[in-house]
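Heads up, the thing below is written out as structure tokens.
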Amino acid sequence: MSIEGLNNRIISCKLCPRLVKYREAVAQNPPKRYRGQTYWAKPLPGFGDVGARVLVLGLAPAAHGGNRTGRMFTGDSSGDTLAKALHRAGFANMDRSVSRDDGLVLKDVYITAVVRCAPPDNKPAKQEVENCLPYLTEELKMLENVVVVVALGRFAFETFFRLMRRMNAYDGRIPRFRHGAVYRLNGSFNGKPLPTVIASYHPSRQNTSTGRLTQRMIDSVFHKARAIAGL
Ligand code: SF4
């Protein structure tokens with residue numbers, strides 16, 4: 001199975017009735033600023049360089065961000081904050097993420113999420129996470145060069161450790177989530193040492209507008225990722 005094959009399966013997935021209904025309902029009733037636009041309203045595949053050494057793991061698409069534009073972290077302020085950080089650290093050719101055809105090219109970074117459909121209030125149900133995790137597992141196996149995982153937000157961070165435990169790749173405790181913390185893990189996954197995990201606050205507007213996460217703070221995470229990945 002190629003990454004394209006996996007992505008095609010993801011895009012046509014309808015396993016979670018609540019999320020299928022929500023992603024389509026949001027598209028039918030957009031806010032004024034997006035009225036007249038055609039929403040993607042389907043699950044989102046990962047995006048970026050399949051030879052990447054750095055994997056960015058988010059929670060789920062935003063209702064009017066990825067669910068509208070059809071690309072992870074695209075079309076909202078989270079996407080712009082992330083794109084700026086990736087650009088400043090040399091992982092992206094531009095510092096904005098606007099639409100699928102905006103010309104953004106990622107080098108040595110692949111962006112994905114725990115859940116592929118936008119959930120109401122950004123909160124997927126436990127069963128929805130379970131339904132979607134096999135896609136991340138397959139993706140992780142295919143992205144053979146990944147040596148660093150940047151987890152955006154506590155949910156992505158803890159889910160990554162839970163997944164590694166479930167795969168018998170890691171038998172330690174889930175470490176404390178702390179912005180900028182770096183965790184070098186003992187264990188192996190897919191015949192290789194486990195990737196180093198860097199925790200970052202999620203670049204949501206809620207975090208950036210309150211100053212909990214500044215551009216400088218997230219820039220530093222990606223500079224760290226670059227150094228640890230040996231780039
Ligand atoms: S969240 Fe994942 S498992 Fe559920 S419908 Fe979307 S793609 Fe399928």
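The values are calculated or read from the model by the stated rules, or taken from the named source; none is laboratory data. Bear in mind the structure is a predicted one, so any value in this text is a computation, not a measurement. Here the Cβ positions follow ideal geometry from the backbone for every residue, glycine too, while neighbour counts run over all protein chains shown. Side chains included, ligands, DNA and RNA excluded: accessible areas come from the protein's heavy atoms. Shrake-Rupley method; radii C 1.70, N 1.55, O 1.52, S 1.80 Å.
Per-residue answers, yes or no, for (1) outside any helix (DSSP H, G or I); (2) open to solvent by 10 Å² or more (accessible area, probe 1.4 Å); (3) more than 15 Å from the ligand (Cβ to nearest atom); (4) under 17 Å from His202 (Cβ atoms):
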site: Ala52; (1), (2), (3), (4): yes, no, yes, no
site: Val56; (1), (2), (3), (4): yes, no, yes, yes
site: Ala63; (1), (2), (3), (4): yes, yes, no, yes
site: Ser78; (1), (2), (3), (4): no, yes, yes, yes
site: Lys84; (1), (2), (3), (4): no, yes, yes, yes
site: Met94; (1), (2), (3), (4): yes, yes, yes, no
site: Arg100; (1), (2), (3), (4): yes, yes, yes, no
site: Tyr110; (1), (2), (3), (4): yes, no, yes, no
site: Arg116; (1), (2), (3), (4): yes, no, no, yes
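Let me confirm something: among Lys107, Lys192, which residue is of a type in the set (D, E, K, R) and at pLDDT below 95? Step through it out loud before you land on a result.
Values: Lys107 fails: at pLDDT below 95.
One residue alone meets the criteria, Lys192.
For segment 165-182, indicate whether the set of residues that are part of a helix (DSSP H, G or I) and within 16 Å of the chain's Cα centre (by Cα) is non-empty. Give the steps one after another, and end with the answer.
From segment 165-182, those part of a helix (DSSP H, G or I) are 165-166; that's our starting set.
Subsequent filtering for residues that are within 16 Å of the chain's Cα centre (by Cα) retains none.
No, there is no match, as no residue in segment 165-182 is part of a helix (DSSP H, G or I) and within 16 Å of the chain's Cα centre (by Cα).
From Tyr201, Tyr183, Tyr170, which residue is touching a helix residue (DSSP H, G or I) at 6+ places or on another chain (Cβ under 9 Å) and either free of Cβ contacts under 8 Å to residues at least 24 places away in the same chain or closer than 27 Å to Ser12 by Cα (or both)? Walk me through it before giving the result.
Numbers: Tyr201 fails: either free of Cβ contacts under 8 Å to residues at least 24 places away in the same chain or closer than 27 Å to Ser12 by Cα (or both); Tyr170 fails: either free of Cβ contacts under 8 Å to residues at least 24 places away in the same chain or closer than 27 Å to Ser12 by Cα (or both).
The unique qualifying residue is Tyr183.
Would you be able to say whether some residue in segment 20-37 is open to solvent by less than 20 Å² (accessible area, probe 1.4 Å), charged (D, E, K, R), within 24 Å of Thr137 (Cα to Cα) and within 14 Å of the ligand (Cβ to nearest atom)?
Checked segment 20-37: at least one residue is open to solvent by less than 20 Å² (accessible area, probe 1.4 Å), charged (D, E, K, R), within 24 Å of Thr137 (Cα to Cα) and within 14 Å of the ligand (Cβ to nearest atom).
Would you confirm, using the coordinates I've provided, whether Tyr201 is buried (at least 18 other Cβ atoms within 10 Å of the Cβ), hydroxyl-bearing (Ser, Thr, Tyr) and more than 21 Å from Ala60 (Cα to Cα)?
no
Name every residue in segment 204-222 that is closer than 19 Å to Ala92 by Cβ, surrounded by 14 or more Cβ atoms within 10 Å (Cβ to Cβ) and out of contact with any helix residue (DSSP H, G or I) (no Cβ under 8 Å at 6 or more places or on another chain), in order of residue number.
Correct list: Met217, Ser220.
Taking into account only those residues within segment 130-152 that are surrounded by fewer than 18 Cβ atoms within 10 Å (Cβ to Cβ) and acidic (Asp, Glu), which is farthest from the ligand (Cβ to nearest atom)?
Of all residues in segment 130-152, those surrounded by fewer than 18 Cβ atoms within 10 Å (Cβ to Cβ) come to 130, 133-134, 137-138, 141-142, 144-145.
Filter once more, so that each one left must be acidic (Asp, Glu): 130, 138, 144.
Values: Glu130: 9, Glu138: 12, Glu144: 23 Å.
Taking the candidates together, the pick is Glu144.
Among the listed residues Ala83, Ala92, which satisfies the condition of being small (Gly, Ala, Ser), within 28 Å of Gln37 (Cβ to Cβ) and in contact with a helix residue (DSSP H, G or I) (Cβ under 7 Å, 6 or more places away or on another chain)?
Working: Ala83 fails: in contact with a helix residue (DSSP H, G or I) (Cβ under 7 Å, 6 or more places away or on another chain).
Ala92 is the lone residue from the list that is small (Gly, Ala, Ser), within 28 Å of Gln37 (Cβ to Cβ) and in contact with a helix residue (DSSP H, G or I) (Cβ under 7 Å, 6 or more places away or on another chain).
Residue under question is Glu158, and the condition is that it be out of contact with any strand residue (DSSP E or B) (no Cβ under 7 Å at 6 or more places or on another chain), part of a helix (DSSP H, G or I) and within 14 Å of the ligand (Cβ to nearest atom); does it hold? Steps first, answer last, please.
Details: out of contact with any strand residue (DSSP E or B) (no Cβ under 7 Å at 6 or more places or on another chain): yes; part of a helix (DSSP H, G or I): yes; within 14 Å of the ligand (Cβ to nearest atom): no.
The answer is no for Glu158.
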